[in-house]
Each structure stands twice: as structure tokens, then as C-alpha cells.
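Engineer: So that we are looking at the same thing, I have put the structure below in C-alpha cells.
The values are calculated or read from the model by the stated rules, or taken from the named source; none is laboratory data. This is a predicted model, so every value here is computed, not measured. In this analysis, Cβ positions are derived from the backbone assuming ideal geometry, glycine residues included, and neighbour counts consider all displayed protein chains. Accessible surface areas use protein heavy atoms only, side chains included; no ligands, DNA or RNA. Shrake-Rupley method; radii C 1.70, N 1.55, O 1.52, S 1.80 Å.
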Amino acid sequence: MDTPVPHPAAAPGPRRRDRHGRGMRGPVAPPQVPLAASRAEAFADLVQDSVDRLERRWPQLAEIDFLVLEVPRLGGPGERWDEDAVPLGGAVPAREGRRARVVVYRRPVELRTKGRDERAALIHEVVVEQVAELLGLTPETVDPRYGED
């Protein structure tokens, strides 16, 4: 007697192959290639490059924590930002045993830049401005090339 063959779609368990009979595809690039880095990792690397540049001139920056957050938080209920008023970064002074912090917000910076070089320049400007605020200096004092294209 004939026994019916179950339809492959009715088989339980995870799917091991796609509809063309191919197996699962691997990563597009090996992990050591820059293409394999996520946008968040590439952004954090640009922030660290900027901090490294400034630490050569200002060794006291080793006492400041540099953070990357996705987006800024609103301060209170009902608070809103205009398109031009969304902060790109922030500085939190040291207090009560907590180190000073400089925060760079990834999404607002990415939305205002087109390429990697433009993004790196804007990140450096934001970091310089926030460090200047913490140190009580002008941005031009922190980085003499501030504002140059």
C-alpha cells in the first residue's frame, strides 16, 4: 500500500535550508575586516579616535569617562525638541565620587552627516565642545584646529 509522504513544510523543527536547497549563509565579511563592524562599533571607534587625539595634549582627560548613547533622553514630561535643538552631546561634571562624563549621541550625529569623514569631523567637534565645557575653557583652547574645515 502507498504511504503518503509528508509535505516538507509540515515537518517540525527549525528550517536548515532555504527554498532553493542551499544551507544557511555565513557572514558577508570576516570579523577582522572593517566592513564586519556594526555602525555603533564604528561610531564608538570614531569617538575613541577623537579622545585619543585630545589626550595627547590634555592628559587629565584620562579622568573623564566618554560614553556613546543612541539618543538623548528628555528631561521631563512634556518636554520636546525641535529638529535643530536636539543635542549632539552632553557633559556631566564629576560629583559625589562619580567621574565626569562626556556623552556623544549617535543617532543625532549620524542623521546630520553623510559620510565617514564628515561624521568623524562632527564627532570631534562635539567631543571638543563638551571637554571645553568640563574644563571651563574655550573649544579653541582645547583644540587649536577647532572650527577649521
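Engineer: Starting from the stretch 49-71, keep only residues that are under 23 Å from Pro108 (Cα atoms) and in contact (Cβ under 8 Å) with a residue 60 or more places away in the chain, then list their pairs with residues that are part of a helix (DSSP H, G or I) and of a type outside the set (Val, Ile, Thr) whose Cβ atoms are within a distance under 6 Å, requiring at least 6 positions of separation or different chains.
Structural biologist: The qualifying pairs are Ser50/His124; Leu54/Leu61.
Engineer: Please determine, by comparing only the residues of the stretch 96-128 that are over 13 Å from the mean Cα position of the chain (by Cα) and of a type in the set (Asp, Glu), which one is farthest from Val86 (Cα to Cα).
Structural biologist: Glu96
Engineer: Further question on the same structure: Out of (1) surrounded by 10 or more Cβ atoms within 10 Å (Cβ to Cβ); (2) more than 18 Å from Ile123 (Cα to Cα); (3) at pLDDT 90 or above, what's the single condition that is false for Ala42?
Structural biologist: With (1) surrounded by 10 or more Cβ atoms within 10 Å (Cβ to Cβ); (2) more than 18 Å from Ile123 (Cα to Cα); (3) at pLDDT 90 or above applied to Ala42, the lone miss is (2).
Engineer: Moving on. Hey, among Arg95, Arg15, which residue is modelled with pLDDT of 80 or more, over 14 Å from Val126 (Cβ atoms), open to solvent by 60 Å² or more (accessible area, probe 1.4 Å) and among the basic types (Lys, Arg)?
Structural biologist: Working: Arg15 fails: modelled with pLDDT of 80 or more.
Criteria check complete, one pass: Arg95.
Engineer: Go through (1) more than 24 Å from Leu135 (Cα to Cα); (2) at pLDDT 90 or above one by one and return the number of the condition Phe66 breaks.
Structural biologist: (1)
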